[in-house]
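Okay, so here's the structure we're looking at.
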Amino acid sequence: MPLPSWIIRCLPGLSIISLLILAEFALGIIQTLWFGTSPTKFIAGQYLVVAQVIFVSWGLFLHLLATFFPLRLSWRVWKASGEILRANTTHRPTKTVFQKEEDDEDSTEQNGFMKYHQLRARAPLEPDVVHSIIIPSYKEDIQVLEDTLKVLASHQSARSHYDVCLAMEERDPNAKTVATKLIAMFGERFLDMQFTLHPASIDGEAPGKSSNVGWAAQRFLEKYTDRPNWEHILLTVMDSDTHLLSTYFDIITRRHIENALEDDSLDMTLYMPPIIFDRNAHQVPRFVRVADLMWCGAGLSCFQITPRIDTIAIPTSVYTLTLPVVDLVKGWDTGPEAIGEDMHMMLKSYFLMNGKLNIECVASPASHCNVASGMKGVWGWFDGIRARYQQALRHMWGCLDTGFAIQQWSQLGTSERVNNLCYDSHANISLGAKFSFFRVQIEEGNKLTLRNIDLLTRIFEAHFLPAHLFMILITSSVYLAINPSTAVSRWVQLSMDVMAYLRTFGFLTMLFYFFFCYERYHKVCVDIRTAALKKSGLYRDIEDQISRRDPWSPLTWLDYVIFPVAGLIFGGLPLLHAAFSHFWSVDLNYKVSAKPKRIIVEQVVRMEEGRL
């Protein structure tokens with residue numbers, strides 16, 4: 001591999017090494033410990049040397065960024081809870097956008113949405129909008145997939161608008177049997193249902209979600225490309241254990257129509273829901289539960305209340321793109337660098353469009369399971385921790401996207417970028433004209449925009465901040481422990497005191513977030529999911545998959561105070577593990593996260609006509 005490419009690939013690891021070198025020049029820790037000599041006289045002086053200025057400045061910057069994060073998170077989660085409640089209760093339409101009665105024509109959605117009669121006058125007929133849903137699976141328990149399909153099939157629009165694809169792996173010996181059985185159970189409840197078998201031996205491909213999804217997406221492209229309604233195919237990628245409310249598809253249908261009608265252009269939007277771990281959280285080790293609370297918060301910190309052209313958010317597990325966008329960016333990457341499939345696809349689409357990709361957060365939470373061990377007792381507790389660490393390592397292996405984002409960012413605005421966009425007219429002259437218009441619009445890509453800076457900041461928070469903060473904390477603590485107070489510069493001491501105060505403030509702010517903001521969010525999500533299950537007749541089937549929280553319980557408070565330890569175990573350490581592993585390899589032995597298994601009480605799916 002060429003040296004520049006290797007350096008870009010290893011930026012997170014190299015940045016950590018650079019920070020440690022800077023710490024040694026600034027603090028002289030190794031000189032003091034190994035040689036028994038005090039640091040250079042400049043360190044004990046009244047003024048800072050250059051290395052110390054850089055070190056404390058960087059430390060203060062990191063702490064300020066980490067302190068601002070819980071403030072931003074608290075605000076976004078509080079507002080998201082209200083928006084989710086509004087979208088799924090009082091303002092939720094009883095019919096889809098195309099089925100509104102004439103007496104509803106004057107009703108107007110909040111947040112500037114168009115009136116229903118305006119949509120109906122200009123939008124295509126209802127059958128033209130199809131939700132193609134990809135559910136990747138590799139050695140998943142059939143009950144997990146069955147429950148996911150039960151929830152999807154309970155949606156009112158499932159039979160007329162959902163085209164479901166079970167994306168199976170050829171490496172799974174039971175894949176074809178499981179897929180065939182599920183299609184026999186649910187095939188008639190959807191507009192269409194099929195499965196794909198991703199081959200195990202394609203040159204250059206790495207096993208994982210991205211290559212599997214890419215293979216299934218190609219089948220949808222072949223299926224719909226020559227159809228007149230191609231631009232109204234919405235492709236949703238979701239995990240095998242994801243439960244989505246029908247409002248998710250209702251909202252993105254309305255927003256897709258509005259975006260498509262605006263200037264008669266293509267809908268170049270990525271839609272994404274917030275996530276919630278509300279199914280088996282009461283059955284997993286406390287550290288695993290807290291780690292997933294923080295993982296949930298990472299996505300929620302980017303949640304925007306209203307659709308904005310400058311929104312930057314990174315999808316987690318579930319997202320939706322239009323089929324023309326998928327074709328335009330040549331689908332999913334399939335190499336080992338794309339292991340962070342959701343973030344990687346967002347970055348690829350964003351940069352190929354010169355930063356003009358719209359990103360909209362949808363006020364309908366996606367329900368997930370925590371990683372669960374099949375073992376019981378003490379060994380089951382340790383096995384659960386091990387399984388969650390493996391999942392965290394896979395997540396942090398996605399720091400390869402740092403190098404990918406920098407490479408793509410450096411090419412923004414170039415003519416090659418636009419020429420690389422893929423489009424074949426497919427005998428659709430109208431759509432071809434729209435693509436040509438879009439290509440002209442994105443040729444004015446600019447590197448230095450506030451939106452690009454915001455995106456790079458989010459990447460820094462994910463792939464640098466946890467490890468750098470950990471290194472700053474360790475080196476500062478060791479430095480103060482091995483040196484008498486008289487040997488420490490007063491400016492260094494003052495800076496480290498300020499960092500300690502910022503950490504304390506950040507800790508208290510996170511406690512505020514957990515108790516006042518997250519608990520409200522969790523209750524809202526559980527309540528609307530429970531109501532939807534009861535209305536659809538599925539509550540008795542999935543009743544055991546509802547995890548509630550009591551914010552007044554001392555055991556719940558224990559979740560709040562151990563989050564720094566959980567963040568280190570499942571955040572900082574996996575990031576260090578992944579960053580340094582990338583010095584010699586980008587390949588990870590991909591392992592599917594363990595999902596909870598339960599006893600099947602009833603094999604028959606109780607579905608009734610006329611539900612949600």
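Please go through region 318-357 and pick out each residue that is of a type in the set (S, T, N, Q) and at pLDDT 90 or above.
Residues satisfying the conditions are THR320, THR322, THR334, SER349.
Could you grab me the full set of residues in region 520-558 that are among the small types (Gly, Ala, Ser) and surrounded by fewer than 20 Cβ atoms within 10 Å (Cβ to Cβ)?
ALA531, GLY537, SER553
Starting from residues that are among the polar types (S, T, N, Q) and in contact with a helix residue (DSSP H, G or I) (Cβ under 9 Å, 6 or more places away or on another chain), keep the ones in region 10-50 and report whichever is modelled with the highest pLDDT.
Out of the qualifying residues, it is SER15.
Have a look at SER132, SER160, SER210, SER201 and point out the one that is assigned to a strand (DSSP E or B) and among the hydroxyl-bearing types (Ser, Thr, Tyr).
The match here is SER132.
Just one of ILE312, ILE339 is at negative phi and in contact with a Ser or Thr (Cβ under 8 Å, 6 or more places away or on another chain); which is it?
Of ILE312, ILE339, the one residue that is at negative phi and in contact with a Ser or Thr (Cβ under 8 Å, 6 or more places away or on another chain) is ILE339.
Within region 193-244, which residues are without any contact (Cβ under 8 Å) to a residue 24 or more places away in the chain and either over 17 Å from ASP327 (Cβ atoms) or touching a His at 6+ places or on another chain (Cβ under 8 Å) (or both)?
SER201, ASP203
To keep it simple, each residue is scored yes or no on (1) surrounded by fewer than 23 Cβ atoms within 10 Å (Cβ to Cβ); (2) in contact with a strand residue (DSSP E or B) (Cβ under 6 Å, 6 or more places away or on another chain).
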site	(1), (2)
CYS165	no, yes
THR177	yes, no
THR180	yes, no
GLU188	yes, no
PHE195	yes, yes
ALA200	yes, no
LYS209	no, yes
TRP215	no, yes
ARG227	yes, no
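Let's see how each residue does on (1) under 20 Å from SER367 (Cα atoms); (2) without any contact (Cβ under 8 Å) to a residue 60 or more places away in the chain; (3) of a type outside the set (Lys, Arg); (4) assigned to a helix (DSSP H, G or I):
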position	(1), (2), (3), (4)
TRP491	no, no, yes, yes
SER495	no, no, yes, yes
MET499	no, no, yes, yes
THR504	no, yes, yes, yes
PHE516	no, no, yes, yes
VAL526	yes, no, yes, yes
THR530	yes, yes, yes, yes
LYS534	yes, yes, no, yes
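How about region 351-377: which of its residues are touching a strand residue (DSSP E or B) at 6+ places or on another chain (Cβ under 8 Å) and among the hydroxyl-bearing types (Ser, Thr, Tyr)?
SER364, SER367
I'd like the full set of residues that are closer than 22 Å to VAL237 by Cβ and in a helix (DSSP H, G or I), limited to region 272-296.
ASP292, TRP295, CYS296
Taking only region 163-198 into account, find how many residues are of a type outside the set (Lys, Arg) and in a helix (DSSP H, G or I).
Looking only at that region, the number is 12.
Looking at region 377-394, which of its residues are surrounded by 21 or more Cβ atoms within 10 Å (Cβ to Cβ), of a type outside the set (Lys, Arg) and under 19 Å from the mean Cα position of the chain (by Cα)?
GLN391, ALA392 - these are the residues of region 377-394 that are surrounded by 21 or more Cβ atoms within 10 Å (Cβ to Cβ), of a type outside the set (Lys, Arg) and under 19 Å from the mean Cα position of the chain (by Cα).
With the requirement that a residue be in a loop (DSSP other than H, G, I, E, B), over 14 Å from the mean Cα position of the chain (by Cα) and hydrophobic (A, V, I, L, M, F, W, C), what does region 319-375 give you?
If the condition is that a residue be in a loop (DSSP other than H, G, I, E, B), over 14 Å from the mean Cα position of the chain (by Cα) and hydrophobic (A, V, I, L, M, F, W, C), then VAL329, TRP332, MET353, LEU357, ALA363, CYS369, VAL371, ALA372, MET375 are the ones that fit.
May I ask you to list the residues in region 268-289 that are closer than 25 Å to THR67 by Cβ and touching a Gly at 6+ places or on another chain (Cβ under 8 Å)?
PRO274, ILE275
I'd like to verify a number: residues in region 116-135 that are more than 17 Å from GLY187 (Cα to Cα) and modelled with pLDDT of 90 or more, how many?
So the answer is 0.
Of the conditions (1) under 12 Å from the mean Cα position of the chain (by Cα); (2) surrounded by 23 or more Cβ atoms within 10 Å (Cβ to Cβ); (3) not in a helix (DSSP H, G or I), THR316 fails just one. Which one is it?
Condition not satisfied by THR316: (2).
Looking at ILE359, ILE385, which is the one that is over 20 Å from LEU266 (Cβ atoms) and of a type in the set (Val, Ile, Thr)?
Step by step, each of ILE359, ILE385 is checked, and only ILE385 is over 20 Å from LEU266 (Cβ atoms) and of a type in the set (Val, Ile, Thr).
In region 262-272, is there at least one residue being crowded, with 23+ Cβ neighbours inside 10 Å and either among the aromatic types (Phe, Trp, Tyr) or within 30 Å of TRP381 (Cβ to Cβ) (or both)?
Checking region 262-272: at least one residue is crowded, with 23+ Cβ neighbours inside 10 Å and either among the aromatic types (Phe, Trp, Tyr) or within 30 Å of TRP381 (Cβ to Cβ) (or both).
The values are calculated or read from the model by the stated rules, or taken from the named source; none is laboratory data. Note that the coordinates shown come from a computational prediction; the quantities given were computed from them, not determined experimentally. Heads up, the Cβs are rebuilt from the backbone with ideal geometry, glycines too, and the neighbour counts pull from every protein chain shown.
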